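Report on one structure; see the data block that follows.
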Amino acid sequence: MNLYLMRHANAGVPRESAKLDAKRGLVAEGKEQCMIMGRMLGALKVQPDIIVSSPLKRALQTAQFVGNELGYEGKVEVSPALEFGATYADFQKMLEKYADRQDVLVVGHNPNLFQFLGRLITGNGGAGVRMRKGSVARIDMEKHPPLLQWLIDPRMARWIYASVAKSSRSKTSRK
C-alpha cells in the first residue's frame, strides 16, 4: 500500500470553543493550497483508491477539494481515527481496514499526523517530521519499517510550479 498522509489546509485562526472550532472551514489560502496540492499529486500520478478524512470540517473540505482535483469519484470516508485525541492504535486499526487498497489518502490534523508518521517510519516515534498545513507525505507501507518516500508542502509545490513554468532555454535568436 502507498499511504498518503495529508494535513488539512489553512483554516485561519483556531476558535476557543472546541464545538465552534470543529466547524471551522478553509480560508481562501487553504482552498488555494488544496488546488495546488491536488495538481501536484495529479502530476505525480497519484490516484487514490480511497480518501479518508477526519470528521472536522477543514479536513473534510481539504479531502474533497484535493479529491476533486484528482478526479476522485468515490465518497470521502470519515474516520474518528484521524481526529484530535485519536491514538496510534486507532490509526493502525483504520489502516488495517484499508489494507487491501493500493493507494490510500488520509487527511487529518497535527499533532496526530506527524506523530503517526514518525511512529510509522521508526517503529517507536523517534522521528520528528514537520508537516505544514496542506503537506502530503507518501509512505511505502510494503517496507519494514514503512519508508517515507517524499514529503511536499504547498510552498515547495508553488516553487516547483514556478520553476517549471519558466523556460530553461536561453532566448537567443537563430536567423
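Figures for the structure shown
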read-out: Neighbourhood net charge (14 Å Cβ-Cβ; Lys/Arg +1, Asp/Glu -1) for Ala81; value: -1
read-out: Spherically averaged projected area of the chain from its Cα convex hull (nm²); value: 12.5 nm²
read-out: Rounded tilt (10° steps) of 88-97 against the dominant C-alpha axis of the chain; value: 70 degrees
read-out: Electrostatic dipole magnitude of the range 1-148 [Cβ: Lys, Arg +1; Asp, Glu -1; Cα centre; debye, to 20]; value: 420 debye
read-out: Candidate aspartates and glutamates for bridging to Lys75, where Cα separation is under 18 Å - those fewer than 8 sequence places away on the same chain excluded; value: Asp49, Asp100, Asp103
read-out: Calculated FRET value between Ala127 and Ser17, using beta carbons and R₀ = 25 Å, to 0.05; value: 0.15
read-out: Highest-fluctuation residue, Asp153, Asp103, Asp90 considered, GNM on the chain with Cα pairs under 10 Å; value: Asp90
read-out: Per residue value of the accessible surface for the chain (all protein chains in place, 1.4 Å probe), Å²; value: 56 Å²
read-out: All-pairs Cα distance distribution in the range 68-120, expressed in whole percent, bin size 10 Å; value: 21, 53, 25, 1
read-out: Neighbour cut-off at most 16 other Cβ (10 Å), DSSP loop, chymotrypsin sites (Phe, Trp or Tyr not before Pro), the range 26-91; value: Phe84
read-out: Sequence ranges 93-99, 108-114, ranked by mean other-Cβ count within 10 angstrom, highest first; value: 108-114, 93-99
read-out: Directionally averaged shadow of the range 26-75, computed from the convex hull of its alpha-carbon atoms, nm²; value: 3.2 nm²
read-out: Peptide ranges 30-39, 9-18 listed from the most packed, as the mean C-beta count within 10 angstrom indicates; value: 30-39, 9-18
read-out: Tyr161-Glu77 FRET efficiency (beta carbon distance; Förster radius 30 Å; 0.05 resolution); value: 0.50
read-out: Accessible area of the chain belonging to carbon and sulfur atoms, whole % at 1.4 Å probe; value: 51 percent
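The values are calculated or read from the model by the stated rules, or taken from the named source; none is laboratory data. Owing to the predicted nature of the structure, the values given are computational and were not obtained by experimental measurement. Neighbour counts run over all protein chains shown; Cβ positions are idealised from the backbone, glycine included. Surface accessibility is based on the protein's heavy atoms, side chains included, excluding ligands, DNA and RNA. Shrake-Rupley method; radii C 1.70, N 1.55, O 1.52, S 1.80 Å.
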